[in-house]
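Have a look at the structure below before the remarks.
Bear in mind these aren't lab numbers, they're just calculated from the coordinates by the rules spelled out. Here the structure is a predicted model, which means the values were calculated and not measured. Glycine also receives a Cβ, built like all others from the backbone with ideal geometry; neighbour counts cover every protein chain displayed.
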Amino acid sequence: MVRTLKDKLFLDKLFLNGYITESQHQNFKVVEEVIDSGLVSADIIIETLSQTLHIPILDIALQKVIILDFSKVSEYSLHGYFICKDLSGGKYFVITNPLLLENAKIIEKYKEYKIMLIKKLDFYDALEITFSKFNTQKALLELGFMNSQATARSVNYHAAFVKTFGIILLVGYISNAMFVAINYIIYLSQTYFKMWLFVDTSLASSIVRHPQEDMMPKHYPIYSVLIPMYKEEYGVKSILRSMEKLDYPRNRLDIKLVVEDDDEISLKILSMITLPEYVHIIKVPYSKPRTKPKALNYAMQYIKGEYVVIYDVEDRPDRDQLLKALKAFHNSPDSIICVQAKLNFYNRYYNLLSRLFSIEYSILFNFLLPGLDASQMPIPLGGNSNHFRSTAIRKLGLWDAYNVTEDADLGIRIFIYGYQTKIIDSYTMEESPTDMINWLHQRARWLKGFIQTFLVYWGQKPELKVNLSISGKIGIYLFLGFSTYSFIIMPWHFLAMCFELERSNQFLAELSWYITLLYMYFTASIIIINDTNNFKNARLLDWIALLVWPLYFILHIIASYKALWEILVRPFAWNKTKHEVSKEE
């Protein structure tokens, strides 16, 4: 067995201290094998190397250092080192990744620096302490610096409101019949569009199927998982259990719990839990707006993964979801930079509202989004379980910190810059709101975000340096713009119908009602059939939900007016969804 003196001394020390067995001592050849095995903690490896090679360990509590070169913060996190100086001007090359000691090129590059080791938590704490202000500004403004017109911050919402409703009032004043007819055409166009997507997906799905085992990559890349949370009293342990169940090598996982630094509730819960080595807490400094995309942007500076996925704190992804996503990437061209898992609710039978929401989700993720994919149209992503190639989304400017549906916005941006999203046949079960107030808060945020996204991309904006294709325009107009418009205008449409004495739109009215009700009941019936084995296992709640399905959209109308109000007075405010069902568990 061939070992260098350094490797022999290192392995002897581990064995003598009881960290590896005699068999492992004999089988391991080099330091790298110990690290890859995941059998010995990173801190033990650092301590043992320090004792073996007589390299000091930097303790940031005792020795104040200044890390140099903010532009390299992502490189530092990725490769596990940083360069710094102390108060007396001494320069240091500080390593938390032991394999860098074998990297002759980087050792030569920093040969004038004194080498030190550092433990993992101290490494991240040092980076965050030094660069928190810079990273906060980058998280807020990077997309705007890349393209000032690509962010929701660039939109004048009051002017857009005045122009839009000025046109609506003008049309209604000129001709009530014209106003009613235009709205009927809008309703019909989006209903036909969604029906086409639904049927097209039913006939020929575009889902990326689970490839055979021999299509799996030969090695497991590091996979980063970002889990943003805010005031999560009950969900922290649940998401950690879900992460423990993932079928992926633990030493290739890089899980970041992204917490606001003033969130005493979540931090207190986390302080009482012993976290696995592959889990790391990122504390996001306070700044406005307090949004999920800003927190994600901040955390992206510290990830190590070639791929990254977003989960919410209440999520329960399929065990093999990372493997399916990895296979999808491996068997797709580089233009596929995102794969989206399907979403639904584990508490869908909690009450009528959760069952109705589940039907809506099934229509969206099982049929409409795959239909958009097959039609090569932009896909507004779901809020979680979207997997990305890390390098690619960095090139796009990451998430818009000012958009409250950052997922939908990024999905559109992926499309207009020539990349693609695919849907994978894997589920993440999450928690549905179970009370009306919580549902309205969440839906109002979604509709507000759709308005933001539509106003950013609705026309040919030379400043964006992109030209939307016809299919792109259709997708944005019908899926985001007209859907939201329809909820807002519906009460006024019904009022205008009452004053349309000539009934000149009788044909359009009857056609619109027939087509809309047909679409609603047809799609909901298909979902319930799929969920209940052709109605054989249907519950009373399924039948009630099917009966009242069209009435569910009255709630969307209410939420649309809350969204309209908010976009005028607090456009970037984030309505947090409360998670309560997990409390009962």
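Between the stretch 548-582 and the stretch 416-440, what is the separation of their alpha carbon centroids in Å?
16 Å
Distance check, please: which entries in Lys72/Lys133; Lys114/Lys138; Lys64/Lys120; Lys138/Lys395 exceed 19 angstrom between their Cα atoms?
Distance filter (> 19 Å) returns Lys114/Lys138.
Convert each backbone phi in the stretch 137-153 into a coupling constant with the Karplus relation 6.51 cos²θ - 1.76 cosθ + 1.60 (shift: θ = phi - 60°), then list the ³J(HN,Hα) values in order as whole Hz, x for Gly and Pro.
5, 5, 4, 7, 10, 4, 4, x, 5, 5, 7, 4, 8, 8, 10, 5, 5
I want to make sure I understand the PRE zone here: with the label point 7 angstrom from the Cα of Tyr417 toward its beta carbon, which residues in the stretch 140-164 have backbone N atoms less than 11 Å away?
Only 143-144, 146-147 fall inside the zone, counting backbone N under 11 Å.
Rounded to the nearest 20 Debye, what is the dipole magnitude of the chain about its Cα centre when Lys and Arg each give +1 and Asp and Glu each give -1 at the C-beta?
Magnitude of the dipole: close to 960 debye.
May I ask which residue of Ile529, Tyr220, Val236 lies farthest towards the positive end of the charge dipole of the chain, with charges of +1 (Lys, Arg) and -1 (Asp, Glu) on Cβ and the Cα centre as origin?
Value: Tyr220.
From the residues Thr48, Tyr187, Val456, which one has its Cα farthest along the dipole of the chain in the positive direction, the dipole being from +1 and -1 charges on Cβ of Lys/Arg and Asp/Glu about the Cα centre?
Val456
Measure nothing fancy, just the Cα-based angle from helix 352-363's long axis to the longest principal axis of the chain, in degrees from 0 to 90, nearest 10.
80 degrees
Work out how much length Ser148 to Val171 would gain on full extension: take 0.36 nm times their residue separation and subtract the Cα-Cα distance, in nm to one decimal.
Result for the pair: 5.0 nm of gain on full extension.
Under 20 Å Cα-Cα from Lys231, which lysines qualify once same-chain neighbours fewer than 8 residues away are excluded?
Candidates past the 8-residue exclusion: Lys256, Lys268, Lys283, Lys288, Lys292, Lys294, Lys576, Lys578, Lys583.
For the stretch 241-380, what log10 I(q)/I(0) values come out of the Debye formula at q = 0.10, 0.14 1/Å, with one point per alpha carbon and no solvent?
The calculated log intensity ratios at q = 0.10, 0.14 Å⁻¹ are -0.45, -0.90.
Could you give me the percent of Cα pairs per 10 Å distance bin for the chain, shortest bin first, beginning at zero and ending with the bin that holds the maximum distance?
3, 15, 25, 25, 16, 9, 5, 2, 1, 0
Could you run the Karplus curve 6.51 cos²θ - 1.76 cosθ + 1.60 with θ = phi - 60° over the stretch 185-200 and give me ³J(HN,Hα) per residue in whole Hz, x for Gly and Pro?
Calculated HN-Hα couplings, in order: 5, 5, 4, 5, 5, 6, 5, 4, 4, 5, 5, 4, 4, 4, 5, 4 Hz.
In the stretch 95-164, which GluC sites (Glu not before Pro) fall in coil by DSSP and have 11 or fewer other Cβ atoms within 10 Å?
Those that pass, being in a loop and sparsely packed, are Glu112.
In whole Hz, what ³J(HN,Hα) sequence does the stretch 238-244 give by Karplus (6.51, -1.76, 1.60; θ = phi - 60°), x for Gly and Pro?
Once θ is set to phi - 60°, the couplings for the stretch 238-244 become 5, 5, 5, 5, 5, 5, 5 Hz.
Return the ratio Rg/(2.2 N^0.38 Å) for the stretch 308-454, where Rg is computed over Cα atoms only.
Here the answer is 1.02, to two decimals.
Sum -39500 (n - 2.57) across every DSSP H segment of at least 4 residues in the chain, then divide by the residue count to get the 222 nm mean residue ellipticity, nearest 500. Walk me through the numbers before you get to the answer.
Values: 24 runs with 296 residues, N = 585.
It comes out at -16000 deg cm²/dmol, rounded to the nearest 500.
Would you please give the residues with an amide H less than 5 Å from that of Ser426, counting only those at least 5 places away or on a separate chain, with H modeled from the backbone geometry?
Those qualifying (amide H under 5 Å, at least 5 residues apart or on another chain) are Lys342.
Which length gain, in nm to one decimal place, applies between Phe553 and Leu121 when the Cα-Cα distance is subtracted from 0.36 nm times their residue separation?
Between Phe553 and Leu121, full extension yields an extra 150.7 nm.
For Asn403, what residues show an amide H to amide H distance below 5 Å, using hydrogens built from the backbone and excluding near sequence neighbours?
Ala152
Label-point separation (nm) for Lys576 and Ser50, each offset 7 Å from Cα along Cα-to-Cβ?
Placing both labels 7 Å beyond Cα along the Cβ direction yields 3.7 nm.
Would you calculate the separation in nanometres between label points at Leu517 and Ala538, each defined as 7 Å from the Cα along the Cα-to-beta-carbon direction?
Those two pseudo-labels are separated by 1.8 nm.
What is the extension gain from Arg319 to Ala392, computed as 0.36 nm multiplied by their sequence separation minus the C-alpha to C-alpha distance, in nm to one decimal?
Numbers: separation 73, 0.36 × 73 = 26.28 nm, distance 2.55 nm.
Here the answer is 23.7 nm.
Testing the spin-label approximation: label points 7 Å from Cα along Cα→Cβ at Ser335 and Trp565. State their distance in nm.
Those two pseudo-labels are separated by 4.6 nm.
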